Every structure is written in C-alpha cells, then in structure tokens.
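Inspection log for the structure reproduced underneath, given as structure tokens.
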Amino acid sequence: METEKYHRMKDLPAEHLLGTGTAMCSGCGGLEALHQAYDVMGSKNIFVNAAGCMTMLSVYPFTPFKGSWLYTAMASSPAGAQGVRDALDILIEKKRMPESEDLKVVTLTGDGSASGIGMSATSSAIERGLDFLYICYDNEGYGNTGQQYSASTPHGARTATSKGSEGFVGDKKDLFAIWAAHGPAYMATVIGAEPLDLVRKVETAGKIKGPKLILAFSPCPTGWDYDPKDTVTIGKLAVKTGIWPLKEYVDGKVVHTRIPGKQRVPVEEYLRLQGRFRHLFEPERKEAILADIQARVDRYWEGIE
Ligand SMILES: Cc1ncc(C[n+]2csc(CCOP(=O)(O)OP(=O)(O)O)c2C)c(N)n1
Ligand code: SF4
Ligand SMILES: [Mg+2]
C-alpha cells in the first residue's frame, strides 16, 4: 500500500508533493520554507541534498520531489552539484539531450553543512562560478541528530551539547557575509513566515546564472522546544525583533527588504517563546545575557534603521 501511495504521488503536480507521506516533524519551519520555494521553482531541477533533516523527505526509492533528487554526505553537496551540472552540460554539448530539457541544479542543506563541514566545498564551487542554487535551511543546530550545537547556533541557546546555565557561549557564524566575500551572483535571506518576500527572492534567483544562496531561517519546534503551532508566530517575531534580517545581495550590494525601524520589538518576546532559551528567564532572569543578546541585535541595525 505504501508503495502504491508513493507511485500515485509521482502523478501529482509539484505543488501538492512536498510535505506528504514524509517523516518530518509537524510545524517544521525548514519544510515550510522549502515547500514555498518549491512551489515557485517547479519540477525542472535536480536536488542535491546533504545529510540532515530534509533527507528524511525521501523514502528510498521515492521522494516527494517531482524532479530528481540525489543524496550526498554532509560535506559534499556542492561537489555533487558540480558533477550534476557538468553531466548536464556534456549531454547538451554532445546533443544527447536537447537544451530545452536542461535542469537547474539545487543544493539543499542544513546550517551544519552550510556553515561548517560543507563550507570548503561551497567556497570552491562559488570560486568556480558554478551555476547552482544553494538553499540552506537554518535551524541553528544539528537537528537531525538531536540538536547539537552547530556553527550557526546563536549566543545563549541551549543545545544538546550546550547544557550549561548560560547555554551556548559564542557567535552565530555569518554565512551571508562569508558568501558575500566570495562575490556570488545572488543571495537572499528568507523565512517561511514571510511568504511574499520569500517567493519574490526565489523567483529572482531562478533568473540569474551562477552561484546563488537562499538562506532560510527555519524555526524548529523539536530542536527549539516550542509548540509546533507557534512556528509562524516565532518566524514573524524573528523578523520584527531584528534577529533575522531579511535582505538580498544584488550586484555586490546588500539591500534590506524589511527594516523593523522604530517598531522593532524587544528580542525577549522572541526568546521567551522557546524552551531553548528558558534558562535565561528561569529560575531567575539572566539580565546580563539578555542585555547582551539585545545589544548584538542593536549593533547589527546601527546605521541601517
Ligand atoms: C561527517 C558526518 N558527521 C556526522 C553525520 C551525522 N549527521 C547526519 S545529519 C547531521 C546533522 C546535520 O545538521 P544540519 O546540516 O544543520 O542539518 P539538520 O539536521 O539540522 O537538518 C549529522 C551530524 C554525518 N552524516 N556525516
Ligand atoms: S528537527 Fe526541526 S528542522 Fe528537523 S524536521 Fe524536525 S522541526 Fe524540521
Ligand atoms: Mg541544522
């Protein structure tokens, strides 16, 4: 019966596929963003997916993607994307495939791959000018293996490997800035809770050749310890507090697509909804850490607002 179900899924239009029959957590913010992006991208693409939560979308030999899907080790999805792009180019050049059937190559990884173990392969792919779209869903930890700290974990968050009274002590790596230093063709930050902004950016990326990044902030009920019904609320608060700036990088310039300005909400309102920050409020308030987190956000917006 399961097999029949997946065979039937293959006949559905792309917009009905993602999120069906998979082993993802309900309320997954990464899946929310991917679903929206996929609706825009359609099915003429090949996904090269590094190990992480989104690999759970596939139940071998089926996937909910209408097009092709390839699974790689955490470190190597940009290298896999290069191989796929080269193979497509060779097929077209040798006239074994008409150009009209060309596919877009999409790398899909979590922050653990994008900001850590896969960074070397990413840097080389951008340097070579590889024509690919890199979608990173950032749930700020190694979600698939129980939310251990990653290079993208924010200051103060509790993770499975940052259990002390102060949570994780350190800085979230600025993946956007690291990509910008490479001079890519296009980049944007997005979030599923702001779908119109997301859709416009994915559409824009679809028209540009070269290395492109869509960096999706991905509230994660399981790893961040909150009720799945709050994913959109937390996503909207991430933008309103300024924790997650929505921006794009076009022709070497960074432009913010939402500026919270005077309406910027205190970060506490975002933090207090998540169990991973509970130790900052209970048993007593950790004023210094809360002030530090707020100060980091304020510093970011200085000169922009
Ligand atoms: C070299 C290597 N180390 C560890 C693992 C085990 N592993 C599989 S998924 C994963 C977490 C990946 O984190 P991230 O890229 O952020 O994706 P997420 O799980 O959060 O979706 C880990 C550590 C692995 N597959 N390969
Ligand atoms: S652990 Fe988080 S990112 Fe992974 S599937 Fe669950 S909600 Fe999504
Ligand atoms: Mg992750």
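If we keep just the residues of the range 60-106 that are in contact (Cβ under 8 Å) with a residue 60 or more places away in the chain and not charged (D, E, K, R), which is farthest from ligand 2 (Cβ to nearest atom)?
It comes out as Val105.
Hey, any hits in the range 288-305 for a residue that's within 22 Å of the chain's Cα centre (by Cα) and among the small types (Gly, Ala, Ser)? No, that holds for no residue. Of all the residues that make up the range 127-137, how many are closer than 22 Å to Gly183 by Cβ and either assigned to a helix (DSSP H, G or I) or near ligand 1 (Cβ under 8 Å from one of its atoms) (or both)? Within the range 127-137, residues that are closer than 22 Å to Gly183 by Cβ and either assigned to a helix (DSSP H, G or I) or near ligand 1 (Cβ under 8 Å from one of its atoms) (or both) number 1. The set of residues in the range 23-59 that are under 25 Å from Gly235 (Cβ atoms), open to solvent by 50 Å² or more (accessible area, probe 1.4 Å), touching a residue at least 40 places away in the same chain (Cβ under 8 Å) and part of a loop (DSSP other than H, G, I, E, B) comprises Cys25, Ser26.
Reported count of residues in the range 131-156, each being away from ligand 3 (no atom under 12 Å from the Cβ) and buried (at least 24 other Cβ atoms within 10 Å of the Cβ), is 4. Filter the range 60-94 down to residues that are open to solvent by 50 Å² or more (accessible area, probe 1.4 Å) and within 16 Å of ligand 3 (Cβ to nearest atom), then give me how many there are. Qualifying residue count, the range 60-94: 2. Among the residues here, Val106 qualifies as within 30 Å of Thr222 (Cβ to Cβ), in contact with a strand residue (DSSP E or B) (Cβ under 8 Å, 6 or more places away or on another chain), open to solvent by less than 40 Å² (accessible area, probe 1.4 Å) and away from ligand 3 (no atom under 16 Å from the Cβ). Cβ separations smaller than 8 Å between residues 6+ apart or across chains give the following pairs from the range 215-237 residues that are touching a residue at least 60 places away in the same chain (Cβ under 8 Å) to residues that are within 12 Å of ligand 3 (Cβ to nearest atom) and among the hydroxyl-bearing types (Ser, Thr, Tyr): Ala216/Tyr137; Ser218/Tyr137; Gly223/Thr159. The strands (runs of 3 or more DSSP E) located wholly in the range 169-287 that include 3 or more residues which are under 22 Å from Gln148 (Cα atoms) and open to solvent by less than 60 Å² (accessible area, probe 1.4 Å) occupy 211-217. The set of residues in the range 157-168 that are assigned to a loop (DSSP other than H, G, I, E, B), crowded, with 18+ Cβ neighbours inside 10 Å and free of Cβ contacts under 8 Å to residues at least 60 places away in the same chain contains only Phe168.
The values are calculated or read from the model by the stated rules, or taken from the named source; none is laboratory data. Since the structure is predicted, the reported quantities are computational estimates derived from the model, not experimental observations. Every residue, glycine as well, gets a Cβ built from its backbone with ideal geometry; the counts of neighbours run over all protein chains shown. With ligands, DNA and RNA removed, areas are computed over all heavy atoms of the protein, side chains included. Shrake-Rupley method; radii C 1.70, N 1.55, O 1.52, S 1.80 Å.
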